[in-house]
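Colleague: One structure follows; several queries about it will come next.
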Amino acid sequence: MRRMLYGVSPIGLGHATRSLAVVEKLVAAGVEVRLFSGGVAADFLLKSGLPTIDIVSESAPRVVNGEMKWTALWYLRSWFALKHSLRRTETLFESYGPDMVVCDEEFSGIEVARKMGCRNAFISDELELGFARGKVAKYLERRVEKWYKRLQDSVDLLVVPDFGVSRGNRHYVEPIVRTVTESPAKVRARYDLPSGEMMILFSMSGSRIGSFLLDKVVEVVKNENLRGAFIAISGNRGPKVVKRGVFDLGVVYDNQNLVAAADLVVSTAGKSTEDEAASAGTPFIGIPIRHHAEQERNAASLGYTSSDYVRLGELILQKLGKRDHPRVYQGADQASRVLVSAQ
């Protein structure tokens, strides 16, 4: 049986949920997969039923009042976190002996695979940076960007879960989303949610960087007096929200079912949530963290900016219940086939 070591970025939960979809297909194709990650992502994968080793150090960006801050410090912390992870990942590699290493925006596995001369693949839909603002941060970012570009060019396979033209080592697949496994009625019954009202789902980042938007959603829905609507919150790892008309579900391991059951999803423009909403035809509002380049690019593709924070009430009234045609994405199947063929 082919053996694959699969690294998952510990920042947020989008990489973990995307990995769940791909790994399910790989296992069905007869591949033995050993996962490794860190922090909340490792815990999420474990509780989702996949054996996962928690060895990757995490360095999430700092957010204050909806704005990304101290980017230079984030780059430095990320570099030191990578150095700490490398030793543990190398030990895991030597004990497991994989035929191939695959990493979803996790870098220590790629570095170790290249050192050991092992086949490797990198999964990412974010191939550019652009987070820096100050002089020091921009200087550090230029150095990191050179390193990141070299990594993209040197991996055996670069899998991009987005639309584009494949060439060289770069292979585009459709967005990767998890399969919806329950009907809206069953989802509401499972979480004891009202059956006759519209659901506004606030899907929170796994890195707890969406708290500023959570408070705004609760405030807006209350002020707009949206009768016949309630808020469901998924992903919250901070203080539980206890208010009338608000159902704080904490971390939800089948969030794609909640997304499909909702009448509107509000989030901080994370790619996985955005793709799951599009796949289900659920209306989506993405308000990015200011200066968070990845989220700002995701939001811009849908016509949103960080300044839309102030008109969130207007957007909710426009979007609530306005479903679109579901988009059938085959990204998980396509990615698994590409990875199996590359072994």
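The values are calculated or read from the model by the stated rules, or taken from the named source; none is laboratory data. As the structure is a prediction and not an experimental result, all values here were calculated from the model. Methodologically, a virtual Cβ is constructed for each residue, glycine included, from the backbone with ideal geometry; neighbour enumeration extends over all protein chains shown.
Colleague: Pick from segment 62-72 the residues that are aliphatic (A, V, I, L, M) and crowded, with 18+ Cβ neighbours inside 10 Å: which of them is farthest from the chain's Cα centre (by Cα)?
Modeller: First, the residues of segment 62-72 that are aliphatic (A, V, I, L, M): 63-64, 68, 72.
From what's left, crowded, with 18+ Cβ neighbours inside 10 Å: 63, 68, 72.
Working: Val63: 17, Met68: 17, Ala72: 23 Å.
So, considering only residues that are aliphatic (A, V, I, L, M) and crowded, with 18+ Cβ neighbours inside 10 Å, the one farthest from the chain's Cα centre (by Cα) is Ala72.
Colleague: Only one of Ser85, Ser59, Ser78, Ser19 is part of a loop (DSSP other than H, G, I, E, B) and either within 19 Å of the chain's Cα centre (by Cα) or surrounded by 18 or more Cβ atoms within 10 Å (Cβ to Cβ) (or both); which?
Modeller: Ser59
Colleague: With the requirement that a residue be under 30 Å from Ala278 (Cβ atoms) and in contact with a His (Cβ under 9 Å, 6 or more places away or on another chain), what does segment 133-175 give you?
Modeller: Matches in segment 133-175: Leu157, Leu158, Val159, Val160.
Colleague: Let me ask something else. Which members of segment 66-99 meet the condition of being farther than 19 Å from Ile55 by Cα and of a type in the set (Ser, Thr, Tyr)?
Modeller: Of everything in segment 66-99, those that are farther than 19 Å from Ile55 by Cα and of a type in the set (Ser, Thr, Tyr) turn out to be Thr71, Tyr75.
Colleague: Give the residues of segment 270-296 that are without any contact (Cβ under 8 Å) to a residue 60 or more places away in the chain and within 15 Å of Ile11 (Cα to Cα), sorted by residue number.
Modeller: Gln295, the sole residue that qualifies.
For every residue, the table says whether it meets (1) within 30 Å of Ile287 (Cβ to Cβ); (2) surrounded by fewer than 19 Cβ atoms within 10 Å (Cβ to Cβ); (3) among the hydrophobic types (A, V, I, L, M, F, W, C); (4) in contact with a strand residue (DSSP E or B) (Cβ under 7 Å, 6 or more places away or on another chain).
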site	(1), (2), (3), (4)
Val31	no, no, yes, yes
Ser48	yes, yes, no, no
Trp74	yes, no, yes, yes
Glu94	no, yes, no, no
Cys103	yes, no, yes, yes
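Colleague: Can I ask one more? Have a look at Arg2, Arg87 and point out the one that is without any contact (Cβ under 8 Å) to a residue 12 or more places away in the chain and farther than 26 Å from Met204 by Cα. Write out each step before concluding.
Modeller: Working: Arg2 fails: without any contact (Cβ under 8 Å) to a residue 12 or more places away in the chain.
Step by step, each of Arg2, Arg87 is checked, and only Arg87 is without any contact (Cβ under 8 Å) to a residue 12 or more places away in the chain and farther than 26 Å from Met204 by Cα.
Colleague: Here's something else I'd like to know. Out of Leu201, Leu213, I need the residue that is at pLDDT 85 or above and part of a helix (DSSP H, G or I). Which one?
Modeller: Working: Leu201 fails: part of a helix (DSSP H, G or I).
On inspection, the qualifying residue turns out to be Leu213.
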